[in-house]
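Below you'll find the structure, written out as structure tokens, and then a few comments.
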Amino acid sequence: MLVECPFHYRRSNGQLVSGFMDLLLETAAGWVVIDHKSFPGRRADWAAKALKYSGQLAAYAPALAATGRRCVGTWIHFAVGGGLLRLDGTSVPV
């Protein structure tokens, strides 16, 4: 597990991308990224809210690839609502 993991990489168009990944989990299949959000809305609204963060989370797989790591999943942790949403739409209560 890595917490608040900084990253920097340069896209093929020369743009520098940098930030912090909230939580990285190493699994046998590869790395899982979990991004914490404090959205207090209903579970039924999670998918629509997650779309607003999809650009941010889309930057994480290439960042991991730049370090030789494989991203096998990105999740949003809706801390207030008590659950996780995989960006393919799968919802898991915690």
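Odds and ends about this structure:
- Dipole size of segment 1-69 about its Cα centre, with +1 on Lys/Arg Cβ and -1 on Asp/Glu Cβ: approximately 260 debye, rounded to the nearest 20.
- 21 Å tail of the calculated P(r), the chain, as % of Cα pairs: 31 percent
- Residue (of 60, 83, 6) at the positive-pole extreme of segment 2-93, dipole from beta-carbon charges: 60
Laboratory data are not the source of any read-out in this text; all were calculated from the coordinates shown. Keep in mind it's a predicted model, so treat the numbers as computed, not measured. Don't worry about glycine lacking a Cβ; one is built from the backbone with ideal geometry, like all the others, and counts go over all protein chains shown.
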